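The values are calculated or read from the model by the stated rules, or taken from the named source; none is laboratory data. Fair warning: this is a prediction, and the values are worked out from it, not measured in the lab. Ideal geometry is used to build each Cβ from the backbone, glycine not excepted, and the neighbour counts take in all protein chains shown.
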Amino acid sequence: MSVVSGTLTDMGGGVLDEQARSPAALLWDMDNMPGKRGQLLGLARFLSLVVPDDAYRYAAARRPTWKRTKSRLEPLGFEVVSGGQSTSGADRRLCDIGRVLSRNGCHHFTVVSNDRFFSCLSTLGTVHVVTLDPANLSTRLAQTAESITSLHFDGTNWRLDALDATQHPSQRALAPPRRHQILSDPQTSP
């Protein structure tokens, strides 16, 4: 699946139905939230768990990262797009994808980035932010996000932590999306 000239298309070039297959999308800015090289696949698998199974999964990066990661992430259900050589190219591509998805009925965006660029998605629906570096999270993005979750690698596993208001200058009370709470609640686990 890809975005071509503002139209959501499948890989064969055919235009998809007007209705999006899912109301949710994961938009991963790999230039901003790359993870370590040896942790890429584990991070991608973990990120896939924070959105519904049928959610769109997009990752974008500058051309060198795109070339290196495309074949590794596509089997995990990610559409990996090139942001070209521009430092904000991946941001632009992901926001464009978000706009196209929104026009087709997708209104829940989980953004894996720290960039303020993604605050524009809040006019299209709800934005949940996942960050690997909460100290560098954009205040504008934090203020427009429905929730913010910090993700870290403890040496063995990826972990989610809710950010509280004292950890970010926006001074908002921040909590993880409801799905994260369900995933981490041992009473609801089978």
Quick check: is even one residue across segment 7-25 among the aliphatic types (A, V, I, L, M), modelled with pLDDT of 85 or more and within 23 Å of ARG99 (Cα to Cα)? yes
Subset of segment 50-90 (residues that are in a helix (DSSP H, G or I), hydrophobic (A, V, I, L, M, F, W, C) and more than 13 Å from VAL112 (Cα to Cα)): TRP66, LEU73, LEU76
Just need a number here: residues in segment 113-128 that are touching a helix residue (DSSP H, G or I) at 6+ places or on another chain (Cβ under 6 Å) and buried (at least 23 other Cβ atoms within 10 Å of the Cβ). 3
For segment 98-120, how many residues are of a type outside the set (Phe, Trp, Tyr), touching a residue at least 12 places away in the same chain (Cβ under 8 Å) and farther than 21 Å from LEU49 by Cβ? 9
Check segment 100-119 and report whether any residue there is among the small types (Gly, Ala, Ser), assigned to a loop (DSSP other than H, G, I, E, B), closer than 15 Å to ASP31 by Cα and modelled with pLDDT of 90 or more. yes
Take the residues of segment 84-110 that are of a type in the set (S, T, N, Q) and in contact with a helix residue (DSSP H, G or I) (Cβ under 9 Å, 6 or more places away or on another chain): which is farthest from ALA61 (Cα to Cα)? SER102
May I ask you to list the residues in segment 120-136 that are part of a loop (DSSP other than H, G, I, E, B), at pLDDT 90 or above and not hydrophobic (A, V, I, L, M, F, W, C)? GLY125
